[in-house]
Amino acid sequence: MNILVTGAFGNMGLSTLQALAGRGHRVRCFDLPLRINKRLARRHAMGCELVWGDVRRFVDWQRALKGQDLVIHLDALVPGLPLSGQHSELESELSHDIHVGGMRQLILAVTTMPKPARIVFTSTLRVYGLTQHLPPPRTVTSPLQPVQSHAVQKAMAEQLLKSSGLTWSVLRLGAAMPDKLIFDKAMFLIPPSNRLEYVHTLDVGVALANAVDQPAIWGKVWLIGGGPRCQLTYGQMLDKVMAMLGQAPLPAHWFSRVDDSVDWLDTSASQALLQYQQRSFDDHIDAWRVQWGPWLALARRLRPLVRAALWARSVLP
């Protein structure tokens, strides 16, 4: 199968390329021609075809889609801890152009193909809005009440795709953290008590790679999360990170008191079909331990300085 992966060199894209490798597909990567993307392409896109372009441009979509059977549309501008340096909530016009405008251009380009490609689109659990006051979990039939710009735009893109007349599938993803450990003010915007379902980025890649061979995915929405052992509170997740750094748990009053658009998910149907839930948040912590290596010992020796640096990033005045 000829598969186009958009946002191929982002967090989810790299995991998807890894999961697709060795399955006999011909994979084409579509992403912005940024220096970091070209560096990542040299390391991670062996055997893949590269097409550089912008999802906001119809002509770039036409080039990227030529001869493709299926699109895994991952390209997005994310809220919070952005590796790109761009933030969907701070650059809402750009974010709208990427999420909604990009989907419009994709649909238009696919409809001009001799044989329209099928589209797998990754959305977000944030489309459900503020649900901490409701009993968990969220399901595919739960009402969409997005609050943040990113979630509003993802919901709009979902609806555009569903009404396009094309063959589609939507995967709403839980909280998949980047491979790199990033400390930013955004980490203090979620109250520690909020329920949050983690999903390992490599498991997302497996879900997507398995989905492309499953006829049952089409015309449906699927929830992709880590499953019951990844259903934590945000505070529990942070406590594990702090323990790795030799830090005591961070005080609750350092964090926002306003609930975030996160929750636990009913992933029973997606897991039964796609068999992707292999890793836990502890596995992510173990990967960070390897990544940081000797720096962890230094962080523990400098505990007061690390604590002060974290306090400086708190949302408190």
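The values are calculated or read from the model by the stated rules, or taken from the named source; none is laboratory data. Keep in mind it's a predicted model, so treat the numbers as computed, not measured. All Cβ positions, glycine included, derive from the backbone under ideal geometry; neighbour counts span all protein chains shown.
Laid out as a table, the results:
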quantity: Cross-chain or 6+ apart pairs with Cβ under 6 Å, segment 278-297 first and surrounded by 15 or more Cβ atoms within 10 Å (Cβ to Cβ), then basic (Lys, Arg) and modelled with pLDDT of 90 or more; calculated: SER280/ARG229; ILE285/LYS240
quantity: Selection count, segment 60-81, where residues are more than 23 Å from ALA207 (Cβ to Cβ) and modelled with pLDDT under 95; calculated: 0
quantity: Residue satisfying all of: in segment 140-191; more than 18 Å from the chain's Cα centre (by Cα) and polar (S, T, N, Q); nearest to ALA216 (Cα to Cα) among these; calculated: THR167
quantity: Members of segment 254-273 found to be surrounded by 17 or more Cβ atoms within 10 Å (Cβ to Cβ), part of a helix (DSSP H, G or I) and in contact (Cβ under 8 Å) with a residue 60 or more places away in the chain, listed by number; calculated: SER270
quantity: Residues located in segment 13-72, provided they are of a type in the set (Lys, Arg) and under 25 Å from ALA157 (Cα atoms); calculated: ARG28, ARG56, ARG57, ARG63, LYS66
quantity: Number of positions in segment 197-209 that are touching an Asp or Glu at 6+ places or on another chain (Cβ under 8 Å) and either part of a helix (DSSP H, G or I) or on the phi > 0 side of the Ramachandran plot (or both); calculated: 1
quantity: Count of residues meeting criterion [modelled with pLDDT of 95 or more, in a loop (DSSP other than H, G, I, E, B) and surrounded by 20 or more Cβ atoms within 10 Å (Cβ to Cβ)] in segment 10-25; calculated: 0
quantity: Verdict on ALA287 being assigned to a helix (DSSP H, G or I), modelled with pLDDT of 95 or more and not hydroxyl-bearing (Ser, Thr, Tyr); calculated: no
quantity: Scope segment 136-159; condition surrounded by fewer than 16 Cβ atoms within 10 Å (Cβ to Cβ) and assigned to a helix (DSSP H, G or I); matching residues; calculated: GLN159
quantity: Residue list for segment 114-135, restricted to those being surrounded by 15 or more Cβ atoms within 10 Å (Cβ to Cβ) and within 18 Å of SER169 (Cβ to Cβ); calculated: PRO116, ALA117, ARG118, ILE119, VAL120, PHE121, THR122, SER123, THR124, LEU125, VAL127
quantity: Scan of segment 37-61 for residues that are of a type in the set (D, E, K, R) and under 27 Å from HIS96 (Cβ atoms), ordered by number; calculated: LYS38, ASP54, ARG56, ARG57, ASP60
quantity: Any hit, segment 221-240, residues being closer than 19 Å to ASN194 by Cβ, touching a residue at least 60 places away in the same chain (Cβ under 8 Å) and in a helix (DSSP H, G or I); calculated: no
quantity: Of all residues making up segment 33-47, the number that are on the phi < 0 side of the Ramachandran plot and surrounded by fewer than 19 Cβ atoms within 10 Å (Cβ to Cβ); calculated: 10
quantity: Test: residue in segment 107-130 that is in a loop (DSSP other than H, G, I, E, B) and within 15 Å of GLU197 (Cα to Cα); calculated: yes
quantity: Segment 176-196: number of residues that are modelled with pLDDT under 95 and either in contact with a Pro (Cβ under 7 Å, 6 or more places away or on another chain) or outside any loop (DSSP other than H, G, I, E, B) (or both); calculated: 4
quantity: Yes/no for GLY165 being touching a Gly at 6+ places or on another chain (Cβ under 7 Å), assigned to a loop (DSSP other than H, G, I, E, B) and not hydroxyl-bearing (Ser, Thr, Tyr); calculated: no
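The rows are residues; the columns are (1) under 27 Å from the mean Cα position of the chain (by Cα); (2) aromatic (Phe, Trp, Tyr).
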site: ASP239; (1), (2): yes, no
site: MET244; (1), (2): yes, no
site: PRO249; (1), (2): yes, no
site: HIS253; (1), (2): no, no
site: ASP263; (1), (2): yes, no
site: ASP266; (1), (2): yes, no
site: GLN278; (1), (2): yes, no
site: PHE281; (1), (2): yes, yes
site: LEU310; (1), (2): yes, no
